[in-house]
There are 6 protein chains.
Amino acid sequence: MNISARNQLKGKVKELKKGPVSTEVVIDVNGSEVVSSITTASAESLNLSVGDDVVAIVKASNVMVGKE
Amino acid sequence: MNISARNQLKGKVKELKKGPVSTEVVIDVNGSEVVSSITTASAESLNLSVGDDVVAIVKASNVMVGKE
Amino acid sequence: MNISARNQLKGKVKELKKGPVSTEVVIDVNGSEVVSSITTASAESLNLSVGDDVVAIVKASNVMVGKE
Amino acid sequence: MNISARNQLKGKVKELKKGPVSTEVVIDVNGSEVVSSITTASAESLNLSVGDDVVAIVKASNVMVGKE
Amino acid sequence: MNISARNQLKGKVKELKKGPVSTEVVIDVNGSEVVSSITTASAESLNLSVGDDVVAIVKASNVMVGKE
Amino acid sequence: MNISARNQLKGKVKELKKGPVSTEVVIDVNGSEVVSSITTASAESLNLSVGDDVVAIVKASNVMVGKE
């Protein structure tokens, strides 16, 4: 399936911090960290484990721009 | 100002596509493209131009995870 | 690719309204309308046309609950 | 109150999973599941219970499109 | 209808900037400006006009925190 | 750093409710409450405490409009 989300960054799961409802997923993308917060049910349904090859997906409307 | 958003990726503005209300900003982050959609008023208020050093900012709750 | 987004509703593109930067996509999901706003570049990259089989994807953290 | 959110799907609360800060709400919409993640304080303020008639509300800009 | 969104700020429409697909709504909330970007179809469906009493609605998961 | 987010409301942290993964931050903005849900890791990285001067930041595309 192709997705309309403009940002799809390939990486590896580096860390998983599971709470009762939310789970934080730290993804290593070319040496940078991208952090995702998903439901724990999603994390389990994807069977996410440290080391997995994953894609961090972000819709363009959710990206802000900062400038010094 | 420090921001709670967990994802702050440094890059350079590569392309700006301005519409009457929305503007698309393509940011080069280490050779990868990150695309942001902001209001044209924001783009003008930041005085964004191609070549500017910027930061793509994304809240962790807006990052999904895909897995093959 | 499996995606962490908890909501993935299958439907058909019913209407496309293209602007210079943003495009509105109306999707028929079992007789109900689901409306998506994506970048026009995304719509073109997916080559979206009326009648296409598509999936409306929404992260759980973007669903609010209303109650009478 | 009428809301600008384009997507307002009527359903019934099927399941509630409460954590200390976040609560997952599973809503049955015509036999399909729609999942929402809200703050536990919101769930309590709405006094949400299984079986309640509710509306799942999603802004169009938070709907992505997937295509095979 | 009560909504789970934790942030509901009452104000008046101060300015409307309509594009073909997206519309920017500037809302005066106690002398501060709150800016919303919605689809033009939504703005028309709500029949929004300058001077209208409205509520700016934001889900808690979409509020970031900045600190000097 | 200037940020493209159109809504930046100054206030003070009034309450912090920390969970294992998510933290709710209640901010007093001119006597009104604005509620943010961020990761606990973010709250700790900002070293957020009750009484801190902070800014509630919201992208325009995440603001809905309600009208009676």
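Counting only residues that are hydroxyl-bearing (Ser, Thr, Tyr) and open to solvent by 10 Å² or more (accessible area, probe 1.4 Å), which one in region B:41-68 is nearest to A:Ile3 (Cα to Cα)? Filtering region B:41-68 for residues that are hydroxyl-bearing (Ser, Thr, Tyr) and open to solvent by 10 Å² or more (accessible area, probe 1.4 Å), the one nearest to A:Ile3 (Cα to Cα) comes out as B:Ser61.
Scanning region B:14-53 for residues that are touching a Gly at 6+ places or on another chain (Cβ under 6 Å) and among the hydrophobic types (A, V, I, L, M, F, W, C) yields B:Val21, B:Ile27, B:Val29.
Among the listed residues A:Lys14, A:Lys59, identify the single one that is of a type in the set (Lys, Arg) and under 27 Å from E:Thr39 (Cβ atoms). Full working, then the answer.
Values: A:Lys14 fails: under 27 Å from E:Thr39 (Cβ atoms).
Result of the check over A:Lys14, A:Lys59: A:Lys59.
Screening the candidates D:Gly66, D:Gly51 for the property of being assigned to a loop (DSSP other than H, G, I, E, B) and out of contact with any Asp or Glu (no Cβ under 7 Å at 6 or more places or on another chain) yields one hit, D:Gly51.
Please count how many residues of region D:43-68 are of a type in the set (S, T, N, Q) and either in contact (Cβ under 8 Å) with a residue 60 or more places away in the chain or more than 12 Å from chain F (Cβ to nearest Cβ) (or both).
Step one: filter region D:43-68 for residues of a type in the set (S, T, N, Q), giving D:45, D:47, D:49, D:61-62.
So of that shortlist, the ones also either in contact (Cβ under 8 Å) with a residue 60 or more places away in the chain or more than 12 Å from chain F (Cβ to nearest Cβ) (or both) come out as D:47, D:49.
Result for region D:43-68: 2.
Pairs are defined by a Cβ separation below 7 Å, a sequence spacing of at least 6 or placement on different chains, a first member in region D:19-31 that is on the phi < 0 side of the Ramachandran plot, and a second member that is polar (S, T, N, Q) and not in a strand (DSSP E or B); the pairs so defined are D:Gly19/D:Thr40; D:Pro20/D:Thr40; D:Val21/D:Thr40; D:Ser22/D:Thr40; D:Thr23/D:Thr40. Within the option set C:Glu15, C:Glu24, being acidic (Asp, Glu) and surrounded by 20 or more Cβ atoms within 10 Å (Cβ to Cβ) holds for one residue only, C:Glu24.
The values are calculated or read from the model by the stated rules, or taken from the named source; none is laboratory data. No experiment lies behind these values; they were computed from the predicted model shown. Positions of Cβ are backbone-derived with ideal geometry, glycine not excepted, and every protein chain shown enters the neighbour counts. Note: areas computed on protein heavy atoms with side chains; ligands, DNA, RNA excluded. Shrake-Rupley method; radii C 1.70, N 1.55, O 1.52, S 1.80 Å.
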